[in-house]
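Student: Have a look at this one.
The values are calculated or read from the model by the stated rules, or taken from the named source; none is laboratory data. Treat the numbers as computed from the prediction; the structure is a model and nothing was measured. We place every Cβ from the backbone using ideal geometry, glycine too, and count neighbours over all the protein chains shown.
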């Protein structure tokens, strides 16, 4: 099924990892780990 994504969001989709949602607990853990890496790498100097 295709959805009409906003073009700005659609451009970001290839950068997002595919997630297996058959095990929700593992998917949530993987998402939290990925988010932690991104937050740790963020540059707060421009805020």
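Student: If I ask for residues that are modelled with pLDDT under 85 and either surrounded by 10 or more Cβ atoms within 10 Å (Cβ to Cβ) or in contact with a helix residue (DSSP H, G or I) (Cβ under 6 Å, 6 or more places away or on another chain) (or both), which ones from region 13-26 would you list?
Tutor: 19, the sole residue that qualifies.
Student: For region 1-12, which residues satisfy the criterion of being part of a helix (DSSP H, G or I) and surrounded by 10 or more Cβ atoms within 10 Å (Cβ to Cβ)?
Tutor: To start, the set of residues in region 1-12 that are part of a helix (DSSP H, G or I) comprises 7-12.
Once the filter is applied, which keeps residues that are part of a helix (DSSP H, G or I) and surrounded by 10 or more Cβ atoms within 10 Å (Cβ to Cβ), region 1-12 yields 10, 11, 12.
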